[in-house]
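Undergrad: Structure provided below as structure tokens; questions to follow.
The values are calculated or read from the model by the stated rules, or taken from the named source; none is laboratory data. Not measured: the values here are computed from a predicted model. Neighbour counts run over all protein chains shown; Cβ positions are idealised from the backbone, glycine included. We work out accessible area using only protein heavy atoms, side chains counted, and drop any ligands, DNA or RNA first. Shrake-Rupley method; radii C 1.70, N 1.55, O 1.52, S 1.80 Å.
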Amino acid sequence: MSCQKSAPKPQPGSFRWVPSLIASVIAVVHLSLALNGCATFHRPAIDSSAPRPKIGLVLGGGAARGFAHVGVIRALEQEKIPIDLIVGTSVGSLIGALYADKPSSFDLELIAFKLEKEDLFDFSVFNSATGPVIGDRLEQFVKEKLARDKIEDLRIPFAAVATNLNTGEQVVLNRGSIAKAVRASSSIPGIFTPVQYLNMNLVDGGVVDNVPVDVARAMGADLVIAVNIGNDLVNYNITNIIDITLQAVNIMEKEISTFKMRSADVVIEPIVGFVKSMDFSKKESLMRTGIKAGQDAAPEIHKKIAEWQALHSTSVKSTP
């Protein structure tokens with residue numbers, strides 16, 4: 001009599017995730033090959049013995065266009081540009097929180113490739129008076145993807161920017177629940193139901209500042225890299241109330257950001273105008289354009305780092 005036991009038969013649907021995971025890995029590898037095959041440039045000499053500037057990365061809002069942020073981060077990582085703190089608004093807060101929790105562009109890309117609209121948007125006719133999207137699903141998604149619950153425990157210092165709907169004040173969420181902060185920062189008015197948090201009625205941070213460079217400065221950044229994905233507004237395919245609301249918000253955010261981004265040391269603006277705000281079907285294209293924008297900005301970033309080091313090295317040497 002044989003003592004071997006037959007292997008249990010897999011249950012229907014047990015491995016439905018496998019094709020999706022394989023496809024995601026293949027897509028990430030394609031992005032890696034595209035990046036590794038890029039042209040190199042001559043970096044300015046950086047003095048390793050000099051103090052290094054604290055670099056802040058600011059990720060702006062732009063709904064589905066936020067996949068471009070993933071590509072920018074990949075390029076910065078590949079170019080050995082350190083990220084010492086992250087500030088995010090709306091989708092920038094989502095991408096920023098994911099990376100601050102686990103600083104790996106490869107893992108970030110895997111999450112991004114599997115992300116679908118249904119993972120973030122829970123539409124309900126019962127909430128149409130305050131916003132058709134409740135926001136519970138977005139909050140739960142963040143909780144499931146992160147290893148930490150509190151902002152202060154993240155591996156990279158992080159802040160999400162929201163807006164107090166009642167007073168119009170900017171609200172910087174740099175402590176407490178990561179998931180709640182991302183939800184508040186991403187609650188686009190007219191789309192998401194406002195979030196009741198910390199005794200405030202909170203909505204999307206882009207209402208007051210879509211690319212909050214000043215917050216990164218306040219957190220101690222010496223050099224600020226700002227990533228703006230709200231720079232291309234042209235849209236001739238506006239067909240419903242969601243499109244109308246998003247386009248109106250985008251126009252408002254662009255006018256504010258154009259002025260406030262001037263204080264950034266480097267501004268990265270991926271070409272994202274070919275994608276509508278709610279279009280999740282062009283992830284890889286957006287990541288590629290993010291990679292290219294990050295690559296194009298890398299020489300200027302290295303130059304700024306070298307200039308900062310030269311200045312502070314001189315200051316240190318001249319001190320008696």
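Undergrad: Any residue in segment 59-79 that's basic (Lys, Arg): show its pairings with residues that are not in a helix (DSSP H, G or I) at Cβ separation under 7 Å, as long as the two are six or more apart or on different chains.
TA: Close Cβ pairs (under 7 Å, with a partner that is not in a helix (DSSP H, G or I)) amount to ARG65/ILE229; ARG65/VAL272; ARG65/VAL275; ARG65/SER277.
Undergrad: Tally time: how many residues in segment 217-240 are of a type in the set (A, V, I, L, M, F, W, C) and farther than 22 Å from ILE291 by Cβ?
TA: Number satisfying all stated conditions: 6.
Undergrad: Residues in segment 75-106 that are assigned to a helix (DSSP H, G or I) and over 27 Å from ILE188 (Cα atoms): how many?
TA: Of the residues in segment 75-106, 5 are assigned to a helix (DSSP H, G or I) and over 27 Å from ILE188 (Cα atoms).
Undergrad: Looking only at segment 75-86, filter to residues that are of a type outside the set (Gly, Ala, Ser) and in contact with a Gly (Cβ under 7 Å, 6 or more places away or on another chain); which one of those is farthest from ASN228 (Cα to Cα)?
TA: ASP84
Undergrad: Identify the residue in segment 227-237 that is open to solvent by 10 Å² or more (accessible area, probe 1.4 Å) and among the aliphatic types (A, V, I, L, M) and, among all such residues, is farthest from the chain's Cα centre (by Cα).
TA: Only one residue tops the list, namely VAL234.
Undergrad: Spot the failing condition for LYS303; the list is (1) of a type in the set (D, E, K, R); (2) surrounded by fewer than 18 Cβ atoms within 10 Å (Cβ to Cβ); (3) out of contact with any Pro (no Cβ under 6 Å at 6 or more places or on another chain), and only one is missed.
TA: (3) is the only condition that LYS303 fails.
Undergrad: So which of ALA264, ALA218 is at pLDDT 95 or above and under 20 Å from ILE73 (Cβ atoms)?
TA: ALA264
Undergrad: Among the candidates VAL267, VAL249, VAL224, which residue alone is more than 22 Å from ILE83 (Cβ to Cβ) and either of a type outside the set (Phe, Trp, Tyr) or surrounded by 14 or more Cβ atoms within 10 Å (Cβ to Cβ) (or both)?
TA: Answer to the check: VAL249.
Undergrad: Hey, another quick one. Out of everything in segment 252-264 that is closer than 17 Å to ILE225 by Cα and in a helix (DSSP H, G or I), what residue ends up being least open to solvent (accessible area, probe 1.4 Å)?
TA: Restricting to residues being closer than 17 Å to ILE225 by Cα and in a helix (DSSP H, G or I), the top hit is SER257.
Undergrad: Within segment 273-282, is even one residue without any contact (Cβ under 8 Å) to a residue 12 or more places away in the chain, more than 30 Å from LEU110 (Cα to Cα) and either open to solvent by 30 Å² or more (accessible area, probe 1.4 Å) or in a loop (DSSP other than H, G, I, E, B) (or both)?
TA: Within segment 273-282, none of the residues are without any contact (Cβ under 8 Å) to a residue 12 or more places away in the chain, more than 30 Å from LEU110 (Cα to Cα) and either open to solvent by 30 Å² or more (accessible area, probe 1.4 Å) or in a loop (DSSP other than H, G, I, E, B) (or both).
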